Amino acid sequence: MSSTTSNPTLANARIAVLGYGSQGRAHALNLRDSGLDVVVGLRKGGPSWERASAEGFTVAEPGEAVRGADLVAVLTPDMVQPALYKESIEPNIKAGAALLFAHGFNVHFKQIAPREDIDVILVAPKGPGALVRREYEIGRGVPSIWAIHQDVTGQAEAKAKAYADGIGGGRALLIKTDFKEETETDLFGEQAVLCGGASSLVQAGFETLVEAGYQPEIAYYEVLHELKLIVDLFYEGGIARMLEFVSETAQYGDYVSGPRVIDAGTKARMKDVLTDIQDGTFARNWIAEYQAGLPNYKRFKQADLEHPIEQVGAKLRARMSWLQAGAAKAAGEPL
Ligand code: NAD
Ligand code: MG
Ligand code: MG
Ligand code: MG
Ligand code: MG
């Protein structure tokens, strides 16, 4: 595919993408298809090395990829970034080069103190990597937010926008933010609503129906499967669009029962979650958990994976063959 970006700022730049997971793979592929020069930085023998090579990239150890790069995109897991910065980026990044993040966590919470002779910027697509790639391939993009932490060249904004254009975000919508706002809102969104809130809501709804004696298969469709339809309507036209498409009975039930489930107490607890994010409590706990070898994280994850809704869901999805292709595509796997 050739849809070379018309943005000239990075036209002659070498971009090192560190990490080839959800975001890294999507960014690397989109930047390359936009006509930019990309090298992928990974640990030799790590899980992604083979895949990035097979997909045609020059792959190098992180320090080697950083050397000579004009822009270094840090797309490894957040918790490995501080050591990666110390060992591979700080000693190798050129003066005047740009260090780019897709999430402001380590800079905002001071786990990384970037060298003073480089630009430090952020481009965060508001969507998972698979969508960043899929939208790009069909000629669209994922709305993205950008920020500047440090501008030593006077080019930081131009570089952030050129990178956002290169991954396709510029085809959609770009919004200026700062590292603090991106970090705090991203953490709040995933904790209270998108990942934590939504999965807890689904699990509680499922448990309520099953404990009342209804079939788990029917509970699964009612509280998990059908959620996609509702969320697609939100995505296209907001809550108004959802209300247009559901019955009057569903609307009335929404108005009288929704606020009984998500009430002022829920909102007060959301504010507590936000306070923990803002005052650094969440970051401190997460860093300590990671350094302790993830004991609670592993236990919580296991409980989610063993929840009865996962067992009935796996059985039902195996019988819905059309979902298998969609799931592989969403994960960015070749079909
Ligand atoms: P990921 O876990 O999907 O991928 C991590 C990649 O880094 C893998 O290729 C892995 O092999 C590699 N890696 C791990 N340790 C490494 C090391 N020490 N040196 C070099 N490579 C190493 O990560 P992700 O979810 O794409 O997250 C990357 C960044 O993007 C994070 O800052 C995250 O907050 C941000 N982000 C993620 C999403 C998302 O949807 N996943 C959305 C927006 C922003
Ligand atoms: Mg996010
Ligand atoms: Mg996030
Ligand atoms: Mg959960
Ligand atoms: Mg129904």
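At-a-glance table
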item: Ranking of F105, F245 by count of other Cβ atoms within 10 Å, fewest first; result: F245, F105
item: Equivalent ellipsoid, the chain (semi-axes from 5 times Cα gyration tensor eigenvalues, Å); result: 38, 23, 21
item: Cβ-Cβ FRET estimate between Q324 and F300, R0 fixed at 30 Å, reported to 0.05; result: 0.65
item: Listed residues A192, A26, A288, most fluctuating in the chain (Gaussian network, C-alpha, under 10 Å); result: A288
item: Separation in nanometres of the label points that stand 7 Å from Cα toward Cβ, at I218 and A240; result: 3.6
item: Label-point separation in nm, K315 to E64, each point 7 Å along Cα→Cβ; result: 5.1
item: Neighbour count of at most 11 Cβ within 10 Å plus DSSP loop: longest GluC sites (Glu not before Pro)-free window in the chain; result: 1-115
item: Max mean-square fluctuation residue, GNM over the chain, Cα-Cα springs under 10 Å, options K298, K271, K86; result: K298
item: Beta bridge orientation in the chain: antiparallel %, DSSP, nearest 5; result: 20
item: Degrees between helix 295-306 axis and first principal axis of the chain (Cα, 0 to 90, nearest 10); result: 50
item: Cross-link pairs K126/K161; K94/K159; K180/K228; K228/K298; K110/K180 - those with Cα-Cα distance over 21 Å; result: K180/K228; K228/K298
item: The range 155-198 and the range 215-249: distance between their alpha carbon centers, rounded to Å; result: 27
item: Angle between the chain longest axis and helix 281-291 axis [Cα atoms, degrees, rounded to 10]; result: 70
item: Inter-label distance for R284 and D37, nm, one decimal - labels placed 7 Å from Cα along Cα-to-Cβ; result: 4.6
item: Percentage relative contact order, the chain, counting C-alpha pairs under 8 Å, at least six apart; result: 12
item: Placed amide H near R14: partners under 5 Å, 5+ positions off or other chain; result: D70, L71
item: Theoretical FRET efficiency, 1/(1+(r/R0)^6), r = Cβ-Cβ of K180 and L227, R0 45 Å, to 0.05; result: 0.90
item: Per-residue ³J(HN,Hα) for the range 8-20, Karplus 6.51 cos²θ - 1.76 cosθ + 1.60, θ = phi - 60°, Hz, x for Gly and Pro; result: x, 4, 9, 4, 10, 8, 9, 10, 9, 9, 8, x, 9
item: Burial ordering of R25, R67, R140, fewest other beta-carbon atoms within 10 Å first; result: R140, R67, R25
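We did not get these values from a lab; they are worked out from the coordinates using the rules stated. As the structure is a computational prediction, the values presented were derived from the model and not from experiment. Methodologically, a virtual Cβ is constructed for each residue, glycine included, from the backbone with ideal geometry; neighbour enumeration extends over all protein chains shown.
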